[in-house]
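Engineer: Please read through the structure below; I'll follow up with questions.
Derivation of every value follows stated rules applied to the coordinates shown; laboratory data play no part. In this text the structure is predicted, and so the values were computed from the model without any measurement. So basically every Cβ, Gly included, is an ideal-geometry build from the backbone, and we count neighbours across all protein chains shown.
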Amino acid sequence: MNVPHAFSRLIPARLRPSPRSGDVFERHNPPGLDLSHNTVLYLEDITVSFDGFRALNKLTLYVEAGELRCIIGPNGAGKTTMMDVITGKTRPDSGTAWFGQTIDLLGMSEPQIAQAGIGRKFQKPTVFEQHTVFQNLELAMAGDKSVWKMLFAKLSPAQLLRIDEVLETIGLKEHRGALAGVLSHGQKQWLEIGMLLMQEPQLLLVDEPVAGMTPQETERTAELLLSLAGKHSVVVVEHDMDFVRSIARQVTVLHEGSVLAEGSIDEVQNDPRVVEVYLGEPRC
Amino acid sequence: MTFMERLLAWRNERGAFGFYAVLLATAVLVPLLNLAVPEGSPLHMSTYTVTLVGKYMSYAILAVAVDLIWGYCGILSLGHSAFFALGGYAMGMYLMRQIGTRGVYGNAELPDFMVFLNWSELPWYWQGFDMFWFAAIMVLLAPGLLAYVFGWLAFRSRVTGVYLSIITQALTYALLLAFFRNEMGFGGNNGLTDFKEILGFDLKAPGTRMALFLATALALGVAFAAGRMITGSRLGRVVQAVRDAESRTRFIGYRVESYKLWLFVFSAMLAGVAGALYVPQVGIINPGEFSPINSIEVVIWVAVGGRGTLYGAVLGAVVVNYAKTWFTTVLPDIWLYALGTLFVVVTLFLPQGLVGLISKLKLRRGAA
């Protein structure tokens, strides 16, 4: 039973605040993800302005189911703002954003979007430093996340197994009881990827996954992301061109809030417009 | 587990164990010294002292309530004495109705202050308070409902940090002003007092005092155990995640507002229970209990004891209130300065409070 839910229904619909701010208390079971057209994400004509500055300018982007897509672009091109729009942190001034055929992202709050199956890894690793590695994964685990459920919830053997699996995948088995705050930078990045896996999302948004990683760690991250594609759709924002080259099949270049070019890494790198705005000078 | 974590876990267990041991010892020793030891003996504990300890324990319940939301969820409520006072008023209304014809005016239907105001009948919101069970429900419901409405509005609008603290101060101050008004029907400036009996027992009798003391001890034990259960559950870990990184918690799919609201309402109800146990022991409830400074004092207790441990809050409530009793008897003018100094010293030098100091000293001794 969810008390807030019960209470908010007492208020007439027309008096309830706008959906995004208001229904944060309501349990919302999004309709199942419909991938019948093989496209997991539709962004169309998205515009976001901050004080007159257009962070996104009629951005249109489609991501196919199971695809691994890299997004590159100079600073201020709107990469992070785009992620904010998809995950519900920022609401666009205009445009539409659909998750599969049936889920309208613009009417949903952050937790609803997360529960619907979109996971996000932030640029700066943000793990819960006062919690242990194990507890971080437990927190991120997919499932009913309502208050009363959590008060009495115990981990089932299957869930414990799943956490152990992920600990193995991200190479932190030895550290399961350690506070996340004492991990190295690279380990935190991995833990965050592990948390993303626990959420079992359909679409993973990964912001600069290899920033601050050693070459070995970078290599393992590339392997991991490649292994995820297919089962999940993955969108990676990254500056490291070598890394992008090692994982990308399809690259999208953002510039001043809209798509400048799209294609394979070689096509994109040889596109004169991209060379001009992004690479600055011809590579030699 | 690393050494440091094992140490932290052990400290936590030891603290809880110590709390239960001290509470049990108090609950056994105080009645013994009060009832079994003859009055002339130097070991005899006066009924006054019994009531004083009972009062400290009701404060300790309030401190646990504040620690739950501040120490674990990071919501710094500077208005928790409002919930405490509401619980107290609910109990006070019951005690008023028990006076019956023994009031100054001998009116069986109306409390004295209403006769004095020339009211002819009992207001609707006083109906039912002659029944203990009804009052007991109101002790939980009144603070709970206020916390629900307030929290629903505040958390939904994502009011956090210092802004939230300020509006909680405004909340308790508004209630202070409202309860001061005679027209409100809660006794105005004088509040509710001159109580005679509770559940048919004379409030002045040592036996009743002892029963109230033991009830408070039991309530403190239950509040502490419930707090440990909540903070040790998965819900507790979500709440601590909200404290450390609120928006991150949102992005992994938790409705942060619901969690905050749930804990805030629980904490307010706990504060109401504390107030309800406080009133029959001190014999009065007046609007002064709503004053903003009271709520700030509670936060100081928790800070002094050490937040985020629950037993630290209990320790802080007892230590600071004992100091307050001592100061206001011996050096009444100094108390507020002492309280202020204490807060500054704790903030600057003891961020973990007394609990942190104790474990630090232990570590140092272990290392030497």
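Engineer: Want the number for B:L363 to B:F17: 0.36 nm per residue separation, take away the alpha-carbon distance, what's left?
Structural biologist: 122.6 nm
Engineer: Something else now. Over the stretch A:30-145, what is the relative contact order in whole percent, taking alpha-carbon pairs under 8 Å and six or more residues apart?
Structural biologist: Rounded, it is 28 percent for the stretch A:30-145.
Engineer: Counting helices only, and only those DSSP H runs with n ≥ 4, report the 222 nm mean residue ellipticity of chain B as the sum of -39,500 (n - 2.57) divided by its residues, in deg cm²/dmol to the nearest 500.
Structural biologist: Calculated from helices alone, the mean residue ellipticity at 222 nm is -24000 deg cm²/dmol.
Engineer: Under the 0.36 nm per residue contour assumption, what length would be gained going from the current alpha-carbon distance of B:H44 and B:Y322 to full extension?
Structural biologist: Result: 98.2 nm gained on full extension.
Engineer: Counting only other chains, and only Cβ atoms inside 10 Å, what mean value do you get across the residues of B:238-251?
Structural biologist: Per residue, the number of nearby Cβ atoms from other chains is 6 on average.
Engineer: Based on the Cα gyration tensor of the stretch A:28-279, what are the three equivalent ellipsoid semi-axes, each the root of five times an eigenvalue, rounded to whole Å and given largest first?
Structural biologist: In descending order, the three semi-axes are 30, 23, 16 Å.
Engineer: How high is the relative contact order of chain B? Use alpha-carbon pairs under 8 Å, at least six apart in sequence, and give a whole percent.
Structural biologist: The value is 31 percent.
Engineer: Report, ordered by chain and residue number, the lysines lying within cross-link reach of A:K124, taken as a straight Cα distance under 17 Å and ignoring same-chain residues fewer than 8 apart.
Structural biologist: A:K79, A:K89, A:K188
Engineer: Under a Cβ-only charge scheme (Lys and Arg +1, Asp and Glu -1), can you give me the dipole magnitude of the protein assembly as shown about the Cα centre, in debye to the nearest 20?
Structural biologist: 1660
Engineer: Would you kindly state how much longer the chain becomes between B:A136 and B:A226 on full extension, computed as 0.36 nm times their sequence separation minus their alpha carbon distance, in nm to one decimal?
Structural biologist: 30.5 nm
Engineer: As a test of the formula, what do you get for chain A when each DSSP H run with n ≥ 4 contributes -39,500 (n - 2.57) and the sum is divided by the residue count, at 222 nm and rounded to the nearest 500 deg cm²/dmol?
Structural biologist: -9000 deg cm²/dmol
Engineer: Per residue of B:255-266, count partner chain C-beta atoms within 10 Å of its C-beta, then hand back the mean as an integer.
Structural biologist: Other-chain Cβ atoms within 10 Å of each residue's Cβ, averaged: 5.
Engineer: Per residue of B:229-236, what is the mean number of Cβ atoms on other protein chains within 10 angstrom of that residue's Cβ?
Structural biologist: Averaged over the peptide's residues, the number is 4.
Engineer: Hey, which of these cross-link pairs are over 26 Å Cα-Cα: A:K149/B:K55; A:K173/A:K231; B:K260/B:K362?
Structural biologist: Result: A:K149/B:K55; B:K260/B:K362 exceed 26 Å.
Engineer: Can you give me the relative contact order of chain A as a percent, contacts being Cα pairs under 8 Å and 6 or more apart?
Structural biologist: The normalised contact order for chain A reaches 24 percent.
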